[in-house]
Amino acid sequence: MPVPTQELKLRIVNAATGQPLGARAVPGADGALVVRDFPAGGPDPEQWQFTPVQAAQGQDDQAYVIRDAVCGKVLDDPAAADRGVRRWNAAAGKKDQQWHLVPVEGEAGLYFIEGATDGAVLDLDDPGTDDTRVVLREHDDSAETQRWRFVTAEPERTGDPVLRWSPLSHWNGRRSWRLTRSAALRPVPGAAPSFSDMLLVLERFGGDQDAGGWKSTGAPRSPGGQPGWWGGLGDRFLADTTGTGRADLVGLKPAKGVVTASSRGDGTFEEDERVLCPPGSSPSPKDLWTLADTTGDGRPDAVVLCADGVRVSLQAEDGTFASPAGEPVLKAFGHGQQAGGWRADRHPRFLADTTGSGRLDIAGFHDDGVRVSLQDEEGKFAPLAGEPVLRAFGHDEKAGGWRADRHPRFLADTTGDGRADIVGCHDDGVWVSLQDEEGAFAEPLYILDDFGVDQGWGTVEEHPRFLVATTGGGAVDIVGFGPQGAVVARGRGDGTFEPSRLVLNDFGLAQGWTRKKHLRSLADVTGDGNPDIVGFGDEGVWVSHNRGDGRFEQAQLVCRGFGHNDDAGAWRVDHHPRFLADITGDGRVDIVGFGGPGVYVARDLFRRFRTR
């Protein structure tokens, strides 16, 4: 677990005993601290906050003041003969009240708490009858009692349960209504939802037979932490198909190809299902599709990764696309052996402007490393070279042993020079390869010991990770949903990142968010230019507002639909795609979901919510 921000409250738990740090059962005047059991029905364990101390010039190790979240007293080393630590009044600049948090190597989420004066660490004295005193001892790597974990407090996000009218059936066939407690949760007092109720706006594109019987029958989308890069047959998503600034419904039908229902601009869609792009001569369930503006004319084109390579269908003036038949524009990146044998479950592929030219290129991570095809001024893609541009970030062990389901990889400009660099999260943490002015990628550098499997980040689906600027105009940051909540590592603008921080005690496994039940993403729902955290939880849609400085407020329930619970619609991750997209052209994202009966929408109400 990364170091929490000072706003978060947490318990400090000893790894050997599982008991939290706190005062004695009968606190004394000496403020002595112990670890002990806290029986149910009694006082809760102390909660602490970490406040960073401004480091002196030339000092690298960050020190913290560890403060009791209730009384304001701090963890103190009185330099007593028994080396016992205490909770004491804070004194500005006192080194005996400053501590370093040193990660235990190879043990995700465990720390040594080291004194800033002499390097001694928190340990346990000989156990007593009820309490075990906490003392300072010389560091010992093998001592389990010197290891501590931080457990975040429950998120402060909801108020009272909602009361709803519920039907009551009687023996004579009549019905009456009574007030019952709902599983839905009311937003915190004074907060106004920012989205409308969930409404069924189109009885098409749904999973039920009456709504088209849609289901994904193709290859899974390329994993990597962000939804919607590529779609297989049967998938549905949203895209601006006409360049009007409004997102339309798009589906991939095995028989018809790409079909759409255009947005009307009022939160609804046209009833007719229009064919945008017919299928190729031999469509395959392994084909991957996307819509992207490859020419820079403001209109999206259809891009297909087929068996024999990449096919591009440009959009005509009438908004339709030609069939992607004929010769591919690039005999590579396809799932057939003649095009390289690229597999969706192994080889992520991207459409991205890698050079800053304004034109989309194609990049992919194959077995032996990174392959890139640049697009020239005439719209032609260069054939792949015989060797990869970088022998790293690939599936084979010689290229790093990167796995698509565990190791997300990204293309992003981390230095501000307009060129895309490669960022990947492997078992041991984050690796970066910078691109130089000649388009060559440097050997990867290990830059951050977080966001990896060794730090408790499991699969890509369980712990989504993103590269996005969390502050307007700033460098790209790493944002992820880890075991204990939302984590941010701020970009320095030079290809490296600051140490990661736990910025919100929500949206993580510890708060009950799982890949089988919940979706999490980043989107600007308030229109202030900064990405907010959006989660489709049990009770509905939760949003945590970005404060503009890389921190996030406690989450608020903004829509009682699109959730996993029955009274929130019984939406399922593997059956019901949900998206955040602007379907009205007003510059704000709305919520769109493909349910069983059809398409549901919750409009953004132009109201900025508040959580305090």
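The values are calculated or read from the model by the stated rules, or taken from the named source; none is laboratory data. These figures come from a predicted structure and were not determined experimentally. Don't worry about glycine lacking a Cβ; one is built from the backbone with ideal geometry, like all the others, and counts go over all protein chains shown. With ligands, DNA and RNA removed, areas are computed over all heavy atoms of the protein, side chains included. Shrake-Rupley method; radii C 1.70, N 1.55, O 1.52, S 1.80 Å.
Find out how many positive minus negative residues lie around Asp361, taking Lys and Arg as positive, Asp and Glu as negative, among other residues whose Cβ is under 12 Å from that of Asp361. Before the final figure, lay out the partial values.
On the way: positive: Arg349, Arg359, Arg371, Lys380, Arg419; negative: Asp353, Asp376.
Cβ neighbours under 12 Å give a net charge of +3.
Taking the Cα centre of each part, how many Å lie between the range 67-130 and the range 321-345?
Cα centroid to Cα centroid, the span is 60 Å.
Can you pull the percent of the range 282-380's accessible area that's carbon plus sulfur, 1.4 Å probe, other chains left in place?
Numbers: 1970 of 4080 Å².
Within the range 282-380, the accessible surface is 48 percent carbon and sulfur.
Considering the options Gly251, Leu374, Trp88, tell which one lies farthest towards the positive end of the dipole of the chain, charges being +1 on Lys and Arg and -1 on Asp and Glu at the Cβ, about the Cα centre.
Selected residue: Gly251.
With the other protein chains left in place, how much accessible area per residue, in square angstrom, belongs to the range 21-132 at a 1.4 angstrom probe? List each step's numbers first, then the result.
Values: 5770 Å² over 112 residues.
Using a 1.4 Å probe on heavy atoms only, each residue of the range 21-132 averages 51 Å².
So how do 551-557, 388-394, 314-320 stack up, highest first, on mean other-Cβ count within 10 Å? Working shown, then result.
Details: 551-557: 22.7, 388-394: 21.1, 314-320: 12.6.
The most tightly packed comes first, giving 551-557, 388-394, 314-320.
Over the range 1-65, what relative contact order in percent results from Cα pairs under 8 Å that are six or more residues apart?
Values: 82 pairs, mean separation 20.5, N = 65.
Rounded, it is 31 percent for the range 1-65.
Taking the Cα centre of the chain as origin and charging only Cβ (+1 Lys, Arg; -1 Asp, Glu), how large is the dipole, in debye to the nearest 20? If you can, show how the numbers build up before the last one.
On the way: 66 positive and 92 negative charges, 475 e Å.
It works out to roughly 2280 debye.
Setting aside same-chain residues fewer than 8 positions from Lys215, which lysines have a Cα under 27 Å from its Cα?
Once the sequence-local lysines are set aside, what remains near Lys215 is Lys253, Lys256, Lys286, Lys516, Lys517.
If you roll a 1.4 Å probe over the range 469-559 with all protein chains in place, what percent of the accessible area is carbon or sulfur?
Working: 1070 of 2470 Å².
The value for the range 469-559 is 43 percent carbon and sulfur by accessible area.
In square angstrom, what is the accessible area per residue of the range 234-335 with a 1.4 angstrom probe? Before the final figure, lay out each step's value.
Details: 3950 Å² over 102 residues.
Ligands and nucleic acids excluded, the result is 39 Å² per residue.
Compute the Cα gyration tensor for the chain, then decide on rounded, prolate or oblate, letting a ≥ b ≥ c be the square roots of its eigenvalues: rounded whenever a/c is under 1.5, prolate when a/b is larger than b/c in the other cases, and oblate in all that remain. Please report the intermediate quantities before stating the final value.
On the way: a/c = 2.40, a/b = 1.43, b/c = 1.68.
Because a/c hits 1.5 or more and a/b fails to exceed b/c, the chain counts as oblate.
Counting alpha carbon pairs within less than 8 Å and at least 6 residues apart, what relative contact order, in whole percent, applies to the chain? Write out the running numbers ahead of the final one.
Details: 1629 pairs, mean separation 75.1, N = 612.
The value is 12 percent.
Under 1.5 on a/c is rounded, so check that first for the range 486-534, then, if it is not, pick prolate when a/b is larger than b/c and oblate when it is not; a ≥ b ≥ c are the square roots of the alpha carbon gyration tensor eigenvalues.
Oblate.
Quick one: compute the contact order of the range 392-528, relative version, from alpha carbon pairs under 8 angstrom and 6+ residues apart, as a percent. Don't jump to the answer; show the numbers that get you there.
Details: 287 pairs, mean separation 22.3, N = 137.
Reported as a whole number, the value is 16 percent.
With θ taken as phi - 60° and the coefficients 6.51, -1.76 and 1.60, list the Karplus ³J(HN,Hα) couplings across the range 86-99 in order, rounded to whole Hz; mark glycine and proline as x.
9, 9, 9, 4, 6, 10, 4, x, 6, 5, 5, 10, 10, 9
Over the range 447-592, with the other protein chains present, what is the accessible area per residue in square angstrom, probe 1.4 angstrom? Walk me through the numbers on the way to the answer.
Numbers: 4430 Å² over 146 residues.
The answer is 30 Å² per residue.
Could you size up the charge dipole of the range 482-521 around its Cα centre, putting +1 on the beta carbon of Lys and Arg and -1 on that of Asp and Glu, and report it in debye to the nearest 20? Don't skip to the answer; put the middle values down first.
Numbers: 7 positive and 3 negative charges, 48 e Å.
Rounded to the nearest 20 debye, it is 240 debye.
Say the dipole of the range 439-558 comes from +1 at the beta carbon of Lys and Arg and -1 at that of Asp and Glu; which of Thr514, Asn530, Phe451 then lies farthest toward its positive end?
Farthest towards the positive pole: Thr514.
Mind checking the dipole of the range 459-563: about its Cα centre, +1 per Lys or Arg Cβ, -1 per Asp or Glu Cβ, Debye to the nearest 20? Could you put the intermediate results ahead of the total?
Values: 11 positive and 13 negative charges, 45 e Å.
With only Lys, Arg, Asp and Glu charged at Cβ, the dipole is about 220 debye.
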